[in-house]
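Derivation of every value follows stated rules applied to the coordinates shown; laboratory data play no part. Since the model is a prediction, treat every value here as computed from it, not as a measurement. Every residue, glycine as well, gets a Cβ built from its backbone with ideal geometry; the counts of neighbours run over all protein chains shown.
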Amino acid sequence: MDQFMQSADPLRPDPTGEMGDIPVPQRLPEFERQLQERLAGLGHEDHTMARIPERLRFWIDGAQYMGALNAMREALLNVPRFTPLPFSPTWLMGLFPLRTDLVTLVDLRLLLDSLEGQEREYEHDLAADVGQALLVGEPGRLVAFRVDRIGEISTAPNEEMDTSASDSDVKRLASSYVERIYHGANSDGGGIIALNLTSLYVDVLEKLEVWARDV
Amino acid sequence: MSESPSVLERFLDEVTLLISAIDQGVTDAEYAGDVVERRARYAETCRVSDALARLAEAFEAADIAALAQAVATATSRAAEVSDTSPIPIIGAHDATIYLRRRLADMRRAGAVAQGGQQAADAVGRLIEALSLAGSLSQPAAASDGEGYDQLSDLDPEERDLFLTFDSVELGARNADQDTAALRAARVAIGSEGEPTSGAPPSAVADDIDIIPLEMKRLFLAETETDLQELSQHIAAFVGGRGTQSSLPAMAGIAHKIKGSAATVGFPDFSRVAVFFERLVLALQSEGAVPRDRMSATLGRFIELFDACVVAAENLNSPDPAIVSEAQRLFELATSKDDGAMSADAVALMASARSRRSPRSSVALGIDPAASGMKVDAGRLEDLWIHVGALAINRGALANAHARVTQASHELESALERLQHKSALIVDGTTDPGRNRWGIGGSRGGAAPPGDAPRYTDSSPGIDLLRDAWQAADFEQVTDRDSALVALSEVVADLETHGAALSTALMKMAQLIETQEASIAHIQQDATRLRLAPLKDLAPRLEVLVNWLAPAVGKQVTFSIAGEMTEIDRRLLRGLTEPLNQLVRNAVVHGIESPEDRTAAGKPMTGSVWVRAYYVASDVVIEVGDDGRGVDEQALTGFSTGGEALESAVRENVRDLHRIFDHGVTSMRRAGALAGSGIGLSEVETRVREVKGEIEIAETSAQGTVFRIRAPMTLTAVQSVALEIGGQTFAAPLGAIMATFDHVDAQPRMPPSRPAETSEDARLLTEYVLNSPESPLRNSDTGGDDLASNDQEGIPAYSLAERLGISVPETPTAAIVVARGKNRIGLLVDRVGPISETMVRPLPPFLRRRLIRGVTIRAEDGAIALLLDVATIADQLLAGIVSAPPLAPAQPQRKVHAAPVLIVDDSITIRRAVDQALRQAGFTTALARDGIEALEFMGAELPRVIVLDLEMPRLGGIELLRAMRDEPRYTGVRVAVLTSEAGSTREQQARELGADAYLLKPCSQDKLVAVVRRLYANSEYS
């Protein structure tokens, strides 16, 4: 089915002309055949795999976090040199080029502090290595969340996680940004916080848009 | 029916495709060239609709299934009709609009939800309309002009009612809950495959638009071309040229716009096209309105279309008054009352001024500026970006080549040292006096015994190897002998590899050069693809003059010169409205009535012209007339109510540029068509939006010339690099009058400004540039000599301070920006080279007023912000000089500007010291020996030198000696970093001027502490 979804659709508008000049009538039988297959396949969807999320571990200030892998585009193990942007909130480190796109670099630690209401001054060291970052978003609106270190990918069923977000370590965070907590999963008995990176990403863009209006 | 998100997603995707296919099929059928093709298209659409019905049934979406089945039935009937005339299916396109809305609602709801009662009613009405298909033998519009083939023929309210359905049953919208976090949470939950709990909030149907943005973009791009073509046909028709062919062509274009606009979700746009099409059809029919009466009406329709385009760019419907006006124009033009026509048309035109929709400064990603070819501007943008990336990669490649070249040199240097040391060892073992083997001379001795290799080439390494073989006593080979031979072999191998590396580097350099030339050509081509000639605007301006002049009782001719002058399509589009307004003003205000012109000794027919030409990388467009000129007296004595101007008048300020102020007019009486003073203010705003400037170049009783100057393109710009607080910025060269490497800038506190107030803390320090001499370069912006009339000095401000960047000392370099008669200095740490750079806009959420975009530096692939120095200068001149907002949140950067020079022949040491010092915030420069250090210091003076002593060519002691003899190096502090321990050596270095003596290995902390101390004590000037 997925293979079909990715293949060229016989009736899909073809502005590039890659399908040549084949008229629609000749494409129709193929489409109908595909449609039959799709209708037949829709009733036998296997949902079990989708219920096991994959998360990527990362560290900020010694604390362990996780983020859903499907919310990220890439894990950047070496963030390129970034350029600060004047008139910016502290947590906005700047931007850097990545292939053909511009990426907004956000210091996740300072962002979480800010969301908590603890805005503070900070000197970004332009000469030091930026470290590692999680790339989120779409081309043209890419955001890299800088973290101290990126770890391994973990796969765990949802049932093992507490969704109450009541751990004292994470009370300071807005609950909308905390997806799950793994109690006692840390080696020192502490929890691992699963952050909702998509939520953070959406809010970062909103905050920046508001900010941009004023500067 | 509850479906998992992935299944729902697929269902919705399928239905979206099918709806598009139906839409396309119906449109294809309507535009089919003959009856056979049309029937075939309807037959295909019937099968697609039937497929949709079956799919919807499978998902229990009853209304969609019913409607799709009705479309299938209607298209099936239409496919059987053999009439040669087009047979539109009433309601077919509207059915697809309904389906898209339903689809969008389901997408938002996250479930296949049923529509409400109103939805059922709407479906009922649509099915009823569709049932008429095949029962009509002729299209209503073509037969009597009363009916129309779409539901869009209904009044807007009726039509909305027809298509409205209630989505309340899908779940009440809770605005408070619909926060960003909730939205994100929904996404997150959905992505993990968890079932949705309850019905998520649903949006109002009218808020939803799932027609792909790409389709709208293509429509607007196509319509842009269509409207230009339409303008040409109107001009030809009104001018009596090609009447026979013009009207059908106009009708064809209108019909096309009508269908396309409705398809992509702009029904009111479509309605305007409907009235225009009807009007043209009426003109074609017997008893049409005379051509001269049509001039104003047709011209006005172009403006109405423009308004629709502007609205569509903002994803809006045009003002309802636009549609009403189109209808009224149609009715007036086809009415029998000749007298009413002219007066009503003028009244409509006058009222139009208040209805012009502002063009959004953020075009929501829709850029229809793709006339002349069917290429979407977005794709051109992509091409341009990718070409830019190629250029950046080329820069990175060149850098990599440079680094490899440097490594090759290091290798050569290391090899040389190795050769030297090896030769010493070999010589030591072969010296007759010290040779324990007792073998004779070191070179040219006896041939090696046994199977020793025979080298025929000669090089230091091979000679060494030969010596080693000769020296070895093969009767009594020891481990040391073996090691010696092996060492010599390594040296020889290194030589061979080094030579191969050099050859490869030469080849690589050639390839880079070739690639550089190719990329430059591609860049040029990509840039040219974005350009469009000014002549694209000519027909529109001509139509404007032709309809406007009679309406105000004047006789005016229009001409355009330099029409092949090219400008970026985006800029051309941005200048369309300003040029329209200037031409309009010229006709209404500038040109006198025939009587007045005769009295003034001028020809009765006035002249309005547009002229375009290049100045450097800018385009200049002049709009002129031979009218009465701007009434300066009226300008300074009359305002439509602006108190500021009255105040200015009291101060006897008579500046023609004030005509661009909001509410300022030269007209003694504001009329219906113009004179409110709003137009020119808007013109200046629009021109500034495309980074241009406008001025009155001439005005007299013989006429007026407005001059617009704008960059030819916003995507490629010549810029000069500026270093501020360790960060590299860029500034467009066009805005810069001159640059200076060194200036004398003294702080100045205006006497009117009381010091030590809290408010003062937010003000920028003002400096004075005292007649700087020897500018590095003057730009070709036409500025006069800088030093000739600046006896009082030029006011200047620190860009670092303006941008919120902390720097240790007052910057000593400057650029000077000219703004009209004013000039202002902007202080920086260093002015860099000029280069041609490609500009990319900042993402919308990062936009800053003072930053025009970003460029990618070829040398290191990093981003440089392109400063809008013109705006910065304007703000400073206007007194908007407050410190950056929210200063506490502004990251402060402590960067030492002047460099620390690291001189060491070991690349390892250079890198280690470089990294340590850069991390500590120092700017660094590197040299491999004393010669390179002196070369560097010839161009730039370091504050501190970290110096090795043992180096090839010129060692540390020799460098210190050379520096001691040169007074300009007196202030430079030197920290020796060497492995040569010994008081004699240290004493020698200190006597020659070394300030510190560090032994390798040295801890990073100690090194940084010493450099920091020396840096602070240096006598830097």
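For the reader, a short list of remarks on this structure follows.
- Each of B:D626, B:D50 was scored by other Cβ atoms within 10 Å of its Cβ. Listed from fewest to most, they are B:D50, B:D626.
- Label-to-label distance for A:I153 and B:D965 is 6.7 nm, based on points extended 7 Å past Cα in the beta-carbon direction.
- Greater than 23 Å apart at Cα, pairs in B:K535/B:K691; B:K216/B:K256; B:K691/B:K821; B:K554/B:K602; B:K216/B:K535: B:K216/B:K535
- Calculated P(r) of region B:587-630 - Cα pairs past 18 Å, %: 38
- Average other protein chain Cβ within 10 Å of Cβ, residues B:834-841: 1
- Summarising the label geometry, the points placed 7 Å from Cα in the beta-carbon direction at B:S1003 and B:A486 lie 3.9 nm from one another.
- Built amide H within the under 5 Å cut-off of A:L98, gap 5+: A:V103
- Exposure proxy ranking, count of Cβ atoms within 10 Å, fewest first, for A:Y182, B:Y98, B:Y613: B:Y613, A:Y182, B:Y98
- Between B:S559 and B:R528, the C-beta separation translates, for a Förster distance of 25 Å, into a calculated FRET efficiency of about 0.40.
- Positive-end residue, region B:490-573 charge dipole about Cα centroid, Cβ charges, pick of B:L501, B:V490, B:G562: B:G562
- Full-extension gain in nm, B:Q988 to B:Q117, via 0.36 nm per residue minus C-alpha separation: 303.5 nm
- Amide H partners (placed H, <5 Å) of B:L901, local residues excluded: B:A925, B:R943, B:V944, B:I945, B:V946
- Residues with amide H under 5 Å from that of B:M951, placed H, sequence gap 5 or more: B:G956
- Sorting B:L218, B:L397, B:L484, B:L298 by the number of Cβ atoms found within 10 Å of their own Cβ, with the fewest placed first, yields B:L397, B:L218, B:L484, B:L298.
- Computed Kirkwood radius, in angstrom, where 1/r is averaged over Cα pairs of region B:690-740: 13.7
- Length-normalised contact order of region B:932-1021 in % [C-alpha pairs under 8 Å, at least 6 apart]: 32
- Estimated D of region B:915-1018 in µm² per second, where Rh is the Kirkwood radius over Cα pairs and Stokes-Einstein applies at 37 °C, 0.692 mPa s: 238
- Taking a Cβ cut-off of under 10 Å around B:L842, the surrounding Lys, Arg, Asp and Glu residues balance to a net charge of +4, with basic ones at +1 and acidic ones at -1.
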